[in-house]
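The values are calculated or read from the model by the stated rules, or taken from the named source; none is laboratory data. Predicted, not measured: the structure shown is a model, and the values here were computed from it. Every residue, glycine as well, gets a Cβ built from its backbone with ideal geometry; the counts of neighbours run over all protein chains shown. We work out accessible area using only protein heavy atoms, side chains counted, and drop any ligands, DNA or RNA first. Shrake-Rupley method; radii C 1.70, N 1.55, O 1.52, S 1.80 Å.
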Amino acid sequence: MMNRREFCHMFPLTGASLAGVVRRPITQAGSAPTGLSPSAASPPFLYILRLAMAPGLREDERVDALLSFCRQAQIDDVAFILWAEELNTGHPTPEEVEPWLRMVERVKPRLAEAGVTTSLNPWVVLLHADRGRVLKPGQSLRLMVDRRGRMASATACPLDPALHNHLRKHYERLAAVRPRIIWVDDDFRLHNHAPLEWGGCFCDLHMQEYSRRAGRRLTREEFASGVLQPGTPHPFRRIWLETSRDTMVNLARILGEAVRRVSPDTLVGLMSSSPAVHSIEGRDWEQVLRGLAAGKPPVNRPHLPSYTETTGPQYLWDFTRVSRLSAASVPPDTLLYPELENWPHSRFSKSRAFTRFQIESAAALGPAGITMDIFDLFGNGAMAQEGYAPILVQAKALAAKLREQKLDPRRETGVEVLFNPDASYSLWTEKGESFSELAPDDSFWAAFFAVMGVAHTYRRYADQKNAVLAISGQYCRGLKESQVRNLLANNITFLNGDAVFTLYKMGLGNAIGVSGAEWVAGDSGIPSYEQVIDGRIYAGLRDARLTAQASTGDYLKIEYAADSPDLLIHTEVRDPSGRRSGPGMAVVRRRIVTLPYGRSASHQGLLHPVRQALVQTLLTELADNRCPLFLANTANVAVFTYELEGRRVILLVNASLDEYQELELRRISWSHEKAVEISSEGSRPLGDRLRAREGGLVLRPGLKPLEVKAIVFPQ
Ligand SMILES: [Zn+2]
């Protein structure tokens, strides 16, 4: 056990944070932890530690360790993980629940004395996966069935009235602990219930419901084939999505109401997964979160896509496609506590440095705090020797300062990346074999602009005009033809190959000057490299080249209409001998920009300094005074820009291991004389460390490896 002197000795030069540790009785609200003087009105930034203790296993020692860790790491709330994974025997019986909750009830007052609140993280709603579990005597729950008719041994059907009764009583008992938050774990979903194929549910009860809605008796095979039918969606698609949606909204209400009956002040939060995958089951974010909340504020734990440490660049890509899309999908008043995970647990899985980076970069979600599952689930509890406390204190100091700035993703500016949570209703499947084909692919451009250092944001359709838009996948299928035509006529729009192909197949090629489009396999040798042919210098190179076959996806060979006088072909795709295979990046009518690749999960080949310079040049030329802020010659450094009350804010996230001595911000003309930097070193005026240069600004020093900082421009 670390004593206070050892703990203090472990701190680097963060006196302010250290003062916060020593003096602080942890407050109920979790505010004022940083020593950086947040204002009284500033919202708290909560550290929620998800922790597993096992009843009867060294409880006194585990509690001492927990209290010590809470004090040292500035934990505000402990969410007890109950009957999880390695210790899970299936749906817990009322008798099995008691020892766990009595343990929590013994620890809760001791935490309260230390200013730490108590929450609950029960492991089971439907059950994540069978893993050899079966129903217990007295449990007559209906089991989930997949489309092939395979029945789970313990995962339950969410439509089952017996499950509803079981969960009502179960959640009432949980609520009797009067926790701060009850977390509904991410088994609250239809997919990912091994060993079922994709998930469910196609049990007899569900088949009756699908049949009722279809007006005739359906078999599993007929129904699933209809749902996945390639081409124009079959009416069964809507039945699948609406039944799934209704099932989960109803279940959310049952859980929320059960908690509300017993503990009026307890919040009910949802742990969620990838929004694209939730679209396959027609998730209604608004109704599910409000159903659980039962009149209180909605609470969500968005997934942070790195259970095990990955590279910073890959993390930034996935964080943008998953976590930021989650934040854009939930109701605006939702309290977000992102998912800091570490699995299988310990520093062998993830370093402290990367842990800190995840907490700090989560500022881009506008979070109210963070959930931390950094210790194992089977009873070791908080392990002091892992040494998380110092980095957690440092990260919290910055996170709390950024939270004060209210960096709401809905106030972001930049390229508007269009998305539609209901896209699964309208998108076309290609093979019709897997439910995964119902996942939308709207988020490509957000990840692209994130790693390219271009300000951007997620937006839903709002009849945009005079904006810079970016569309990928089959987004346009969710709109009416007139809406699509208006968007394309009234904005500058970036389209990837999938978006161009979708428009062409919708018969809307003429809206973007396209008369033909066909996919050419990326490994066919026909697309090999991309040659700049516009005579310009990009990234210091004349006649620059890019790959057209390595991790770019397939190539969409586009035929532009002969009567497109404004067509500008900037690059062309060639075979290895240099023969022209077709156009590369092009601009049509001075407002449509095409990047002719798609049908792929890989993206690495699309990223290159030449591509970055080309895209940033096109943005500058086409968007003029609408051009978003971008960073010059960075790699994997994201920039977010916010228009807020009385100020503008730039958030910078360096997801690379490179240090930037200086950072050049282009296309920004904001008054910078009073600009303030918020970094891990505190808040301080920038003075002449931020200077004007060539229509932009230069920040010196720029960013350290994996550093997150913000610049506030008072107005
Ligand atoms: Zn079912």
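A simple count of charges around Glu664, restricted to other residues whose Cβ falls under 13 Å of its Cβ and scoring Lys, Arg +1 and Asp, Glu -1, yields +3.
Using +1 on the beta carbon of Lys and Arg, -1 on that of Asp and Glu, and nothing else charged, what's the dipole of the chain about the Cα centre, debye to 20?
Details: 85 positive and 80 negative charges, 226 e Å.
Result for the chain is approximately 1080 debye, rounded to the nearest 20.
By a 1.4 Å probe calculation restricted to protein chains, Arg253 has an accessible surface near 100 Å², given to the nearest 10. Can you figure out the FRET efficiency of Leu541 with Thr232, using R₀ = 45 Å and their beta-carbon distance, to the nearest 0.05? Plugging the Cβ-Cβ distance into 1/(1 + (r/R0)^6) gives 0.50.
Across the protein chains, with a 1.4 Å probe defining accessible surface, the residues Ser329, Ser346, Ser515 rank Ser515, Ser346, Ser329 from largest area downward.
Based on the alpha-carbon gyration tensor of the stretch 109-173 and its eigenvalue square roots a ≥ b ≥ c, which shape applies: rounded if a/c is under 1.5, prolate if not and a/b is larger than b/c, or oblate?
Details: a/c = 3.05, a/b = 2.31, b/c = 1.32.
Taking the square roots of the gyration eigenvalues as a ≥ b ≥ c, the stretch 109-173 is prolate.
Report in % the part of the accessible area of the chain that belongs to carbon and sulfur, leaving out ligands and nucleic acids; probe 1.4 Å.
With neighbouring chains kept in place, the figure for the chain is 49 percent.
Using alpha-carbon pairs under 8 Å, 6+ residues apart, how would you state the relative contact order of the stretch 439-533 in percent? Intermediate results must be reported in sequence, preceding the final value.
Numbers: 94 pairs, mean separation 22.3, N = 95.
Dividing the mean separation by the residue count of the stretch 439-533 yields 23 percent.
Look at the alpha carbon pairs under 8 Å that are at least 6 residues apart: their mean separation over the length of the chain gives a relative contact order of 11 percent.
Let a ≥ b ≥ c be the square roots of the eigenvalues of the Cα gyration tensor of the stretch 527-655; is it rounded (a/c under 1.5), or, if not, prolate (a/b larger than b/c) or oblate? Prolate, since a/c reaches 1.5 and a/b exceeds b/c.
In what order, largest first, do Glu559, Glu360 sit by accessible area if the probe radius is 1.4 Å? Working shown, then result.
On the way: Glu559 115, Glu360 10 Å².
So the residues, ranked largest to smallest area, are Glu559, Glu360.
In this structure Ile537 has an accessible area near 90 Å², from a 1.4 Å probe over the protein heavy atoms. Computed log10 I(q)/I(0) for the stretch 631-714 at 0.16, 0.19, 0.22 Å⁻¹: -0.55, -0.80, -1.10, from the Debye equation with unit scatterers placed on every C-alpha and solvent omitted. Any of Lys431/Lys465; Lys296/Lys704; Lys350/Lys709; Lys350/Lys401 with alpha carbons more than 30 Å apart? Name them for me. The pairs that break the limit, which is 30 Å between Cα atoms, are Lys431/Lys465; Lys296/Lys704.
Taking the full set of protein chains and a 1.4 angstrom probe, give the accessible area of Thr308 in square angstrom, rounded to the nearest 10. Accessible area of Thr308: about 60 Å². Note that the chain presents 37 Å² accessible area per residue, ligands and nucleic acids not counted, probe 1.4 Å.
Quick check on the chain: take the gyration tensor over C-alpha atoms, sort the square-rooted eigenvalues as a ≥ b ≥ c, and tell me if it's rounded (a/c under 1.5), prolate or oblate.
oblate
Here each label is just a point 7 Å from Cα along the line to Cβ, and for Asp688 and Glu197 those points are 7.1 nm apart.
Order the following by accessible area, largest value first: Ser351, Ser436, Ser273. Probe radius 1.4 Å; ligands, DNA and RNA are ignored.
Numbers: Ser351 40, Ser436 70, Ser273 15 Å².
In descending accessible area the options line up as Ser436, Ser351, Ser273.
Quick one: which of 457-465, 159-167, 313-321, 605-613 comes out on top by average Cβ neighbours within 10 Å, and what's the full order, highest first? Can you show the working numbers first?
Numbers: 457-465: 15.1, 159-167: 17.8, 313-321: 22.1, 605-613: 20.1.
The densest-packed peptide leads the list: 313-321, 605-613, 159-167, 457-465.
Each stretch of four or more DSSP H residues adds -39500 (n - 2.57); spread over every residue of the chain, this sum gives -9000 deg cm²/dmol at 222 nm.
Note on Lys136: aspartates and glutamates with a C-alpha under 13 Å away, same-chain residues under 8 apart excluded, are Glu95, Glu96. Around Glu286, what is the net charge, scoring Lys/Arg as +1 and Asp/Glu as -1 over all other residues with Cβ under 12 Å from its Cβ? So the environment of Glu286 carries a net charge of 0.
The relative contact order of the stretch 451-605 comes to 24 percent, based on Cα pairs under 8 Å that sit 6 or more residues apart. Take each peptide in 548-557, 621-630, count the other Cβ atoms within 10 Å of every residue, and average; sorted highest first, the result is 548-557, 621-630.
Place a point 7 Å from Cα of Asp523 in the direction of its Cβ. Which residues in the stretch 587-630 have their backbone N less than 17 Å from it? Within reach of a label on Asp523, which here means backbone N under 17 Å from a point 7 Å along Cα→Cβ, the stretch 587-630 contributes 598-605. A straight line joining the Cα centroids of the stretch 457-475 and the stretch 91-122 runs 46 Å. Once R0 is set to 22 Å, what does the formula 1/(1 + (r/R0)^6) return for the Cβ-Cβ distance between Glu96 and Asp204, expressed as a FRET efficiency to the nearest 0.05? With a Förster radius of 22 Å, E is 0.20.
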